[in-house]
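A quick write-up on the structure given underneath.
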Amino acid sequence: MKKRSITSRILLAAWQSVIIILCVWYAVFVYYSDISPNRVAEKSFPQTTCHIVQSKLTEITHLVPLYRAEFLVKYQAQGPVYTRWAQGRGVAANFSTDKRAQQALLQQFAVNADFPCWYNPSVPNMVILVQNKNLSSSFRLFIPLIIAAIMGFYLIKNLLAGVLLLRAIRIARK
């Protein structure tokens with residue numbers, strides 16, 4: 001029975017480790033794909049004025065319908081005038097499940113009006129109409145990191161219990 005208990009503890013520790021690795025991997029992915037690019041843009045993209053030529057709500061449907069507010073903007077950056085589509089969610093061109101929020105974003109920026117926007121100095125044809133300064137993308141980190149912390153606690157508890165069990169087996173054999 002004690003041998004079976006050791007085996008089950010090893011399997012449990014392996015599963016806990018896998019869950020921790022997956023949670024940390026997801027958190028790193030979210031940070032580098034969404035949060036970090038927006039921070040870089042906030043600090044290093046120069047501001048200019050964008051003229052809204054057209055706007056639209058793009059919808060894609062896979063299992064769940066996803067939406068993104070898009071704006072055709074005209075702006076001047078480092079000399080030339082550019083006309084490009086800009087998304088309403090910062091640097092990351094992510095889609096959202098919240099259709100109302102994307103429609104509200106479309107209403108916030110009227111066609112034929114001028115608004116501040118930011119362009120990438122290295123790639124001036126990349127423009128951001130809305131800087132993503134809110135914490136919504138950071139919230140996507142909390143759940144996996146909380147799960148990883150809980151799993152870490154139980155992994156340590158499981159490993160300590162396994163060490164104590166091995167020690168008890170060794171003492172019983174003597």
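A Förster distance of 35 Å, applied to the separation of the beta-carbon atoms of Ser5 and Tyr31, puts the FRET efficiency at 0.35. Here the Gaussian network model covers the chain, with springs between Cα atoms less than 10 Å apart; of Gln54, Gln108, Gln16, Gln108 fluctuates the most. Think of the chain as having a plus end and a minus end, set by charges on the Cβ of Lys, Arg, Asp and Glu; of Ala113, Tyr31, Met126, Tyr31 sits farthest toward the positive end of this dipole.
Placing a pseudo-label 7 Å from each Cα along the Cα-to-Cβ vector at Val123 and Val111 gives an inter-label distance of 2.8 nm. Contact order for the chain, expressed relative to its length and based on alpha carbon pairs under 8 Å spaced 6+ residues apart, stands at 31 percent. Under a Gaussian network description of the chain, with springs only between Cα atoms under 10 Å, the residue in Ser122, Ser44, Ser36 that fluctuates furthest is Ser122. Comparing Asn120, Asn112, Asn38 in a Gaussian network model of the chain (Cα springs below 10 Å), the most mobile by mean-square fluctuation is Asn112. Against the main long axis of the alpha-carbon atoms of the chain, helix 2-30 sits at an angle near 10°. Could you please report the charge total around Ala161, scoring K, R as +1 and D, E as -1 over all other residues with beta-carbon less than 11 angstrom from its beta-carbon? Counting the neighbours of Ala161, the net charge comes to +3.
Only lysine pairs 8 or more places apart, or on different chains, with alpha-carbon atoms under 30 angstrom apart are counted in the chain, and they number 15.
What is the extension gain from Ala104 to Phe153, computed as 0.36 nm multiplied by their sequence separation minus the C-alpha to C-alpha distance, in nm to one decimal?
13.4 nm
If R0 equals 30 Å, the separation of the Cβ atoms of Lys174 and Ala14 corresponds to a calculated FRET efficiency of about 0.50. Quick one: plug the Kirkwood hydrodynamic radius of the chain (C-alpha pairs) into Stokes-Einstein at 20 °C, 1.002 mPa s, and report D in µm²/s. For these conditions, the coefficient is 109 µm²/s. Computed about its Cα centre, the charge dipole of the range 6-151 is approximately 100 debye, with only Lys, Arg, Asp and Glu carrying charge at their Cβ.
Can you give the net charge of the other residues whose Cβ lies under 15 Å from the Cβ of Asn125, counting K and R as +1 and D and E as -1?
With Lys, Arg at +1 and Asp, Glu at -1, the neighbours total +2.
Within the chain, the cysteines lacking any other cysteine Cβ closer than 4.7 Å to their own Cβ are Cys23. For the peptides 80-86, 158-164, the ranking by packing is 80-86, 158-164, with the highest mean count of neighbouring Cβ atoms within 10 Å listed first.
We did not get these values from a lab; they are worked out from the coordinates using the rules stated. Treat the numbers as computed from the prediction; the structure is a model and nothing was measured. Quick reminder, even Gly has a Cβ in these numbers, built from the backbone with ideal geometry, and neighbours come from all protein chains shown.
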